[in-house]
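Engineer: Before I ask anything, let me first share the structure, which is written out below as structure tokens.
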Amino acid sequence: MSVIMNDSAFIKKGFHISTDKSLLNFEMIFKYLDQESYWAGGIPENTLRRAIENSLCFGIYFRNEQAGFARVITDKATFAYICDVFVLTEYKRIGLSKWLVQTILKHNDLQGLRRWSLATADAQGLYTQFGFKQINKPERWMEIFTPYRP
């Protein structure tokens, strides 16, 4: 991994990242994804609750207030899909998204995976720093896509 964010530098500033779902601010996450994200607008509340329940979730916290979020859909053996990644506007431009991605990739339950995947319309620059690249042989990939809003 080419990008190394200093965990202790963020911790000294009052930040931490946790996978403890009891710390998640569901209302803030739902509001952001439903109203501010380009990828999940219109997501039903119950759908998001199920998604969080069945995913490995990462929260970024500043002095115990949630500042960011990401989910990883995984079997913890062969595959992981990173999604719903965001940092609130007031916490952007200080390296938190890099720290979050680094933390996800280093997580003990996610080591030795054969494939990592994600989709982004605007953050290719972030993810390429960690070795992500356009899908090799995209003609092999298929999808069924049903948007939340028509």
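Engineer: Over the chain, what is the relative contact order in percent, taking alpha-carbon pairs closer than 8 angstrom and at least six residues apart?
Structural biologist: The normalised contact order for the chain reaches 25 percent.
Engineer: Could you work out the Kirkwood radius for the range 12-99, taking every pair of different alpha carbons, averaging 1/r and inverting it, reported in Å?
Structural biologist: So the Kirkwood estimate lands at 13.5 Å.
Engineer: So what's the back-of-envelope 222 nm ellipticity for the chain, counting only DSSP H runs of four-plus at -39500 (n - 2.57) apiece and dividing by all residues, rounded to 500?
Structural biologist: Calculated from helices alone, the mean residue ellipticity at 222 nm is -6500 deg cm²/dmol.
Engineer: Could I ask something else about it? Reachable lysines from residue 31, Cα under 22 Å, same-chain residues fewer than 8 places away excluded?
Structural biologist: Cross-link targets: 21, 92.
Engineer: Further, regarding this structure: Once the other residues with Cβ under 15 Å from the Cβ of residue 4 are scored (Lys, Arg +1; Asp, Glu -1), what is the net sum?
Structural biologist: After counting each charged neighbour, the total is +1.
Engineer: Quick check for me: using +1 on Lys/Arg Cβ and -1 on Asp/Glu Cβ, what's the dipole size of the chain about its Cα centre, in debye to the nearest 20?
Structural biologist: It works out to roughly 440 debye.
Engineer: Ordered by residue, what ³J(HN,Hα) values in Hz, to whole numbers, does the range 73-79 give under the Karplus form 6.51 cos²θ - 1.76 cosθ + 1.60, where θ = phi - 60° and Gly and Pro are x?
Structural biologist: So the J values, rounded to whole Hz, are 9, 7, 9, 6, 9, 10, 8.
Engineer: Could you please put 133, 92 in sequence from largest to smallest accessible area, using a 1.4 Å probe?
Structural biologist: 133, 92
Engineer: Using a basic spin-label model with each label point 7 Å from the Cα along Cα→Cβ, how many nm lie between residue 25 and residue 120?
Structural biologist: With each label placed 7 Å out from Cα toward Cβ, I get 2.3 nm.
Engineer: Next question. Using only Cα positions of the range 96-150, each an equal point scatterer, no hydration layer, compute I(q)/I(0) via Debye at q = 0.28 Å⁻¹ and quote the log10 values to two decimals.
Structural biologist: Computed log10 I(q)/I(0) values: -1.22.
Engineer: How much accessible surface area, in Å² rounded to 10, belongs to the heavy atoms of residue 50 with a 1.4 Å probe?
Structural biologist: 140 Å²
Engineer: List the extent of the Cα atoms of the chain along each of their three principal axes, largest first, rounded to whole Å.
Structural biologist: Principal extents (largest minus smallest coordinate, Cα): 46, 35, 27 Å.
The values are calculated or read from the model by the stated rules, or taken from the named source; none is laboratory data. Not measured: the values here are computed from a predicted model. Neighbour counts run over all protein chains shown; Cβ positions are idealised from the backbone, glycine included. Protein only, heavy atoms only, side chains kept; ligands, DNA and RNA dropped before computing areas. Shrake-Rupley method; radii C 1.70, N 1.55, O 1.52, S 1.80 Å.
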